[in-house]
Amino acid sequence: MMKQALIKRLLCCAAIATVCVAPVVAQQMPFINIVTGEPLDLKSGKEEGRDTPAVKQFMQTGQNPYNEDKQALAKGKDIYNTSCSGCHGHLAEGKIGPALNHGNWHYELDEDKAMFEVIFGGATRQMGPQNEFLTQDEILHTMAWVRHLYTGKGEDATWLTEEQRKNFKPYKE
């Protein structure tokens, strides 16, 4: 009898401990359509590429983990050259679409979250939503490449970590 009471107490304590130390599910930050101001439907567009570790991290922090990652940059360059350079230029210097390789953007793109919102949901003028053409992971790769093409001052590259800013050199081909 005493043994059963002890087992019940231990099971009860274990259940309480499990509830108390269970990981809290992280909340995803809100993403908005920069044209309409409405929430972006992140379930729209391509389904693949939504559950990569980089996308999961980005959805929680708004920081692109691919920034200055050499492997990611190579992939981002390929995606950018195929999907973006026709309008924004080979080095993001601008053509039909605006230049992206400096800090004088039409939208406030100092934060990775804002750049994602523009690419995923589109912008005014000729920039349509790219979520039907690129996966969320491909968008992050592309963003990393665009950031890499930046020709401005390192201290102005707010999307970089402190260490990345210290080692920053403007892009030159």
* **Residues whose placed amide H lies under 5 Å from that of Ile32, excluding near-sequence neighbours** => Leu40
* Structure fact -> For Lys166, the aspartates and glutamates lying under 13 Å Cα to Cα, once residues fewer than eight places off in the same chain are dropped, come out as Glu68, Glu155, Asp156
* For segment 156-166, take each phi angle, set θ = phi - 60°, evaluate the Karplus expression 6.51 cos²θ - 1.76 cosθ + 1.60, and give the result in whole Hz per residue in order, putting x for glycine and proline. => 8, 7, 5, 7, 8, 6, 4, 5, 5, 5, 4
* **For segment 29-166, convex hull volume per residue from C-alpha positions, Å³** => 101
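No value in this document is a laboratory result; all are computed from the given coordinates. Predicted model only: the values in this text are computed from it and were never measured.
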